[in-house]
Amino acid sequence: MEKKINPNALNQEIYQDADPVELPENAFRELAEDEPYRPLMHPAREYSEVTPYSVIMGVVLAIIFSAAAAYLGLKVGQVFEAAIPIAIIAVGFSSALKKENPLGQNVIIQSIGACSGVIVAGAIFTLPALYILKAKYGDAITISFLEIFLSSLFGGVLGILFFIPFRKYFVKDMHGKYPFPEATATTQVLASGQSAKNGGQAKTLIVASLIGGVYDYIVATFGWWAETVSTTVTGWGATLAEKTKLVFSCNTGAALLGLGYIVGLKYAFVIFAGSVFVWWVIVPLLGTYGTTELMEMAPADIFSNYARMIGIGGIAMSGIIGIIKSWPIITQAVGLAGREFKGGASSSRTVRWQTDLSMKHVVFFLALALAAVLLFFWVGVIHTFWQAVIAWVVVLVIAFLFTTVAANAIAIVGSNPVSGMTLMTLIVSSAIFVAIGLKGASGIVVAMVVGGVVCTALSMAGGFVTDLKVGYWLGSTPRKQESWKFLGTLVSAATVGGVILLLNDVYGFTGDNALVAPQANAMAKVIEPLMMGGDTPWILYMTGAILALLLNWLKVPALAFCLGMFIPLPLNTPMLVGGAISWFVGSRSKDKAVNDARRDRGTLISSGLIAGGALFGVFAALTRFVGFEYQNPVPEIWTQILGVIIYAMLIVYLAWDSMRARKN
């Protein structure tokens with residue numbers, strides 16, 4: 001239960017100061033007992049937040065980034081996170097327009113605009129699978145703009161409403177206990193607009209952003225050095241991979257290095273351990289002692305088609321474990337909603353900075369949204385009421401319970417395992433649907449639409465925790481963020497629906513020169529045997545589930561470990577490198593204050609690397625979109641060697657510049 005603050009007592013010393021221009025020292029660490037946190041915007045004052053400027057800017061950016069993210073995600077399978085580029089644009093525009101005290105408006109711009117990335121992820125991971133299967137089964141599978149739009153819209157709305165009761169727990173009660181890497185980077189960008197007055201932190205952030213952005217743009221666009229270094233490029237490495245399926249690889253991107261720094265060594269090591277377990281134990285075992293088909297596969301194919309399924313089972317079981325552990329929080333949130341709805345909540349006033357939407361409003365709009373979802377399933381998709389009710393219950397239960405899992409994953413590693421949780425949702429829901437007679441082509445449509453709603457809800461819950469944590473650090477009003485998030489969801493859902501239809505008409509998702517849509521292809525591969533009859537890797541899912549139970553028993557963070565099993569090794573290795581740098585710069589001095597100052601400077605630099613990588617990633621996507629292609633004539637072995645050298649230089653820069661910090 002939130003502690004109520006007497007507004008008449010807000011003249012304490014902590015609230016008497018003028019607004020600071022830098023984040024306080026305790027922004028990224030756990031608070032001592034009764035230690036207050038003072039955000040940049042005064043908790044008890046009113047600020048310009050929701051204005052015509054901030055709303056229009058947020059909507060325009062949501063439309064632009066929804067279209068860009070949908071294209072890139074369907075083209076290469078990577079949905080760039082829109083929050084950081086949008087934050088950079090917001091700060092840039094407010095500076096150019098000479099806005100006075102624009103921080104509150106910039107938070108709203110970022111919150112509305114960031115709907116683009118989460119809605120896109122929910123839609124493109126699932127719904128293009130219907131086009132992929134339609135090419136095989138013809139007119140038996142149908143899909144329309146309305147189905148895409150409504151599944152994305154309802155999923156986003158449910159994600160918002162389900163998460164609001166958990167806001168205080170994740171962003172306030174768990175302050176400093178989770179690294180929140182993406183929220184940290186976004187907050188540093190938005191705060192730089194304030195600290196520009198003294199130049200120090202803003203300059204550091206800008207320099208790091210330019211280094212990270214130019215670095216990642218050159219790699220993505222020109223390939224002058226290898227984006228991923230791998231042992232397979234050498235003769236001995238290729239032989240080792242062929243004979244034993246053993247591979248080592250590392251992505252050399254600046255953004256991932258910064259992400260690993262903010263995550264820290266503890267979680268980075270657990271994630272890397274999960275990845276090593278899959279790539280250096282499971283994949284070699286399957287490739288060496290498996291069937292002839294497995295022995296002939298490349299390690300990456302064994303991972304994608306088999307070993308990764310163990311990670312999916314582990315994520316699902318970790319989610320269940322997380323739900324059980326979070327049950328007191330879940331029941332408390334539900335109880336609070338019930339008491340407020342009945343009028344039994346305390347009427348004492350809370351400070352603006354901690355004011356959420358009224359639980360009466362949340363419950364009312366949730367009831368409306370759930371009624372609309374049921375009507376959508378019944379009239380628009382299934383046409384049989386009792387089957388529509390069962391599909392509705394599946395969405396309600398899974399989306400609500402896995403909300404906390406998605407938020408936990410984002411809070412820990414900044415990466416939402418939404419595709420893994422959605423795959424598990426498809427498996428569970430498909431088994432239920434087949435049992436009630438929904439199978440074949442019609443069952444595929446039902447399962448994918450249901451999966452789209454759940455996927456978008458979980459994606460939104462994971463993204464929304466980032467927005468609200470940013471707001472907590474900076475001092476914006478949660479109620480305003482929560483209210484205007486619905487508008488961003490609406491425009492993003494409409495945009496992504498139109499973009500998917502357009503891209504299907506122009507490129508298609510099957511055949512030559514088609515968009516690869518890797519996640520949607522994975523969903524199609526899972527759903528087809530379930531609905532049409534075929535083999536489902538239940539043993540692999542169960543293996544992952546049992547492993548998660550053992551990890552939990554051994555007090556190992558099961559979700560982080562299983563995320564490592566699900567995410568490819570090249571993306572996990574730089575997490576460990578960044579985490580190791582964080583440990584190194586924060587432990588060299590005998591003076592704790594010096595260590596803290598160095599670690600904080602490293603966090604700022606890492607935020608810049610992430611921000612620059614994200615923003616220039618958009619530029620790289622636009623470069624490819626206009627048709628620019630560059631073939632590097634240098635042999636691959638030399639691009640790999642140069643990749644190692646340049647990456648080592650980037651590591652040295654991050655460590656050296658972090659160590660330059662001095663205690664205040």
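Here is how the numbers come out for the structure above:
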read-out: Some residue of segment 267-280 being part of a helix (DSSP H, G or I), modelled with pLDDT under 85 and either under 19 Å from the mean Cα position of the chain (by Cα) or closer than 30 Å to V652 by Cα (or both); value: yes
read-out: Any pair with Cβ under 9 angstrom, 6 or more apart, that starts in segment 429-442 at a residue that is over 13 Å from A388 (Cβ atoms) and ends at one that is aromatic (F, W, Y) and in a helix (DSSP H, G or I); value: K439/F433; G440/Y137; A441/Y137
read-out: Yes/no for S304 being part of a helix (DSSP H, G or I), surrounded by 18 or more Cβ atoms within 10 Å (Cβ to Cβ) and of a type in the set (S, T, N, Q); value: no
read-out: Breaking point among (1) loosely packed, with under 15 Cβ neighbours inside 10 Å; (2) in a helix (DSSP H, G or I); (3) modelled with pLDDT under 80, for F364; value: (3)
read-out: Any hit, segment 214-234, residues being buried (at least 22 other Cβ atoms within 10 Å of the Cβ) and within 23 Å of S476 (Cβ to Cβ); value: no
read-out: Any hit, segment 432-442, residues being crowded, with 24+ Cβ neighbours inside 10 Å and β-branched (V, I, T); value: no
read-out: Candidate set: segment 317-335, residues that are touching a helix residue (DSSP H, G or I) at 6+ places or on another chain (Cβ under 6 Å) and either of a type in the set (D, E, K, R) or modelled with pLDDT under 75 (or both); chosen: the one farthest from I567 (Cα to Cα); value: A333
read-out: Restricting segment 398-420 to residues that are in contact with a Ser or Thr (Cβ under 7 Å, 6 or more places away or on another chain) and in a helix (DSSP H, G or I), the residue that is modelled with the lowest pLDDT; value: V418
read-out: Within segment 77-131, considering residues that are modelled with pLDDT under 85, in a helix (DSSP H, G or I) and among the β-branched types (V, I, T), the one farthest from G613 (Cα to Cα); value: I124
read-out: Selection status of V634, over 27 Å from P24 (Cβ atoms), surrounded by fewer than 21 Cβ atoms within 10 Å (Cβ to Cβ) and not hydroxyl-bearing (S, T, Y); value: yes
read-out: Residue within segment 35-50 that is modelled with pLDDT of 80 or more, in contact with a Lys or Arg (Cβ under 8 Å, 6 or more places away or on another chain), over 30 Å from K98 (Cα atoms) and surrounded by fewer than 17 Cβ atoms within 10 Å (Cβ to Cβ) present; value: no
read-out: From T603, T623, residue being among the hydroxyl-bearing types (S, T, Y), in contact (Cβ under 8 Å) with a residue 12 or more places away in the chain and farther than 19 Å from L265 by Cα; value: T623
read-out: Positions within segment 132-151 being of a type in the set (S, T, Y) and closer than 18 Å to G122 by Cβ, in sequence order; value: S144, S151
read-out: Lone qualifier among K177, K136, K203, K172 - being surrounded by fewer than 20 Cβ atoms within 10 Å (Cβ to Cβ) and not in a helix (DSSP H, G or I); value: K177
read-out: Test: residue in segment 142-155 that is β-branched (V, I, T) and not in a helix (DSSP H, G or I); value: yes
read-out: Candidates F464, F486 - the one that is of a type in the set (F, W, Y), part of a helix (DSSP H, G or I), surrounded by fewer than 23 Cβ atoms within 10 Å (Cβ to Cβ) and in contact (Cβ under 8 Å) with a residue 60 or more places away in the chain; value: F486
read-out: Of residues in segment 637-664 being touching a residue at least 24 places away in the same chain (Cβ under 8 Å) and among the aromatic types (F, W, Y), the one surrounded by the most Cβ atoms within 10 Å (Cβ to Cβ); value: Y647
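Results for (1) in a helix (DSSP H, G or I); (2) within 26 Å of V278 (Cα to Cα), shown as yes or no for each residue.
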residue	(1), (2)
N572	yes, yes
G578	yes, yes
W583	yes, yes
R598	yes, no
S606	yes, no
L615	yes, no
E629	no, no
G643	yes, yes
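The values are calculated or read from the model by the stated rules, or taken from the named source; none is laboratory data. As the structure is a computational prediction, the values presented were derived from the model and not from experiment. FYI the Cβ positions are ideal-geometry reconstructions off the backbone, even for glycines, and counts take in every protein chain you see.
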